[in-house]
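A.B. asks: Have a look at the structure that comes next, please.
Nothing in this text is a laboratory measurement; each read-out follows from the coordinates by a stated rule. These numbers were taken from a predicted model, which means no experiment stands behind them. A quick note on method: Cβ atoms are made from the backbone with ideal geometry, for glycine too, and the neighbour counts reach across all protein chains shown.
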Amino acid sequence: MNTFSAYVFRQALGPLLAILGALAAIAILTQGLNQLDIIVTNRRAGLAFAWVVVLALPQLISLILPMAVFIAVVYALNRMQSDSEIAVMYGAGVSRQRIARPIIQLAVLAALVHLAINVVIQPASFTERREVLYDLRTDIASSLIEEGAFTYPTEDLTLYARERGGSGELRDVLINDARQDLPITYTARAGAIVTIEGRPAMVLRDGQVQRQTEDGAVDVLDFDRYVLQMGATLEEPELFFLKPSDRSLYDLFFPDKTAHYDQDNVDEFLAEGHARLATPLLNIAMAFIALAGVLLGEFQRGGYGRRIIIASVIALVVRLLSVGLQSAATDEPSLNALQYALPIIVILIASAMLTGKSPRKKRHSVGPSVLAGEAA
């Protein structure tokens, strides 16, 4: 890459990184608000929030990268047009294609990064993110038991803890178990929820068991340590299924046909898999739309607002069409081919427009040499 190409490349790269960072920050805030219930109720709130946000970044970048490329290219070229840099380049004999070359190189680089995110990084991060959220939601001590409040994990079972200490310890615990014919009340100075042989249990220390007898009396038993099995009482969390966004490319194209969930979502998996391969092409298509929107047409001292608005509308329509095609392909797999055709058609049309007659050649056709010939 020579000095000229490197200069144009840097002019677009800087805004791309800035826009990508700003859009990612907004998306991160949205993700954080979506998980606010888990973050607030979990004792590991700070670490949980940070890790969930980091794991969500690959998909967020994948969603906003094509539009970020478009905005960055439009901004860079419009600034260069406004500063008459492109006019000077034309005057120095630089063609429109040469100006577009470093922009296209940046778009191809963005497409490769986008492809790597879609194929490798996003499935790994989303699988880990889903497991983290799954663990947080099934952390009984954090999600079911609230300090100073009665909670009801299931019918006929009531739990209360005055406060929650470090390492998940519960203090001043009260449990009323009315699942049997005769209710049982447990009180303890401290307790903790643990997992024994894969099932949740409450380990109580320094407490009493109060059991009502058939004749109406109450039996009281003091204990130093008591283990109350709770595996059959708490509602089981929903089965852990990997959604299409969590799966690798191989699992999307070759799902497990023996699993009922996979059998019912084969078309959705195919649409997601083809979208991961096709959407990186949108980065190149968006760059071509921006190039055509700014470089085509005559120099205008008043700016290029009208052309930029038209190009922006076209870019937005193309992006929405790509999302719509993926959604439609979940019901009609034959539409998957259109996910590739859409960006390719846009690239071919914009490329044909850019390779047309350049402003520099047009100026030469009506330049001094022509005028001199007419005067003779």
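A.B. asks: Could you sort 320-327, 63-70, 216-223 so that the peptide with the highest average Cβ count within 10 Å comes first and the rest follow in order?
C.D. replies: The most tightly packed comes first, giving 63-70, 320-327, 216-223.
A.B. asks: Also: Mind ranking 202-211, 88-97, 281-290 by how tightly packed they are, going by the mean number of other C-beta atoms within 10 angstrom, highest first? List each step's numbers first, then the result.
C.D. replies: Working: 202-211: 17.8, 88-97: 14.4, 281-290: 27.1.
The packing order, highest mean first, is 281-290, 202-211, 88-97.
A.B. asks: Multiply the residue gap between residue 92 and residue 332 by 0.36 nm, knock off their C-alpha separation, and tell me the result in nm, one decimal place. Before the final figure, lay out each step's value.
C.D. replies: On the way: separation 240, 0.36 × 240 = 86.40 nm, distance 5.25 nm.
Additional length available on full extension: 81.1 nm.
A.B. asks: Work out how much length residue 149 to residue 50 would gain on full extension: take 0.36 nm times their residue separation and subtract the Cα-Cα distance, in nm to one decimal.
C.D. replies: Value of the extension gain: 32.8 nm.
A.B. asks: Assuming R0 = 22 Å, can you tell me the calculated FRET efficiency for the pair residue 309 and residue 349, based on Cβ-Cβ distance, to the nearest 0.05? Write out the running numbers ahead of the final one.
C.D. replies: On the way: r = 19 Å, r/R0 = 0.85.
With R0 = 22 Å, the Cβ-Cβ based efficiency is 0.70.
A.B. asks: Gain in length, residue 120 to residue 190, computed as 0.36 nm per residue apart minus the alpha-carbon separation, to one decimal in nm? Kindly include the intermediate steps, with their values, before the conclusion.
C.D. replies: Working: separation 70, 0.36 × 70 = 25.20 nm, distance 4.60 nm.
Length difference between fully extended and current span is 20.6 nm.
A.B. asks: Label points 7 Å out from Cα along the Cβ direction at residue 109 and residue 84: separation in nm?
C.D. replies: For residue 109 paired with residue 84, the spin-label model returns 3.0 nm.
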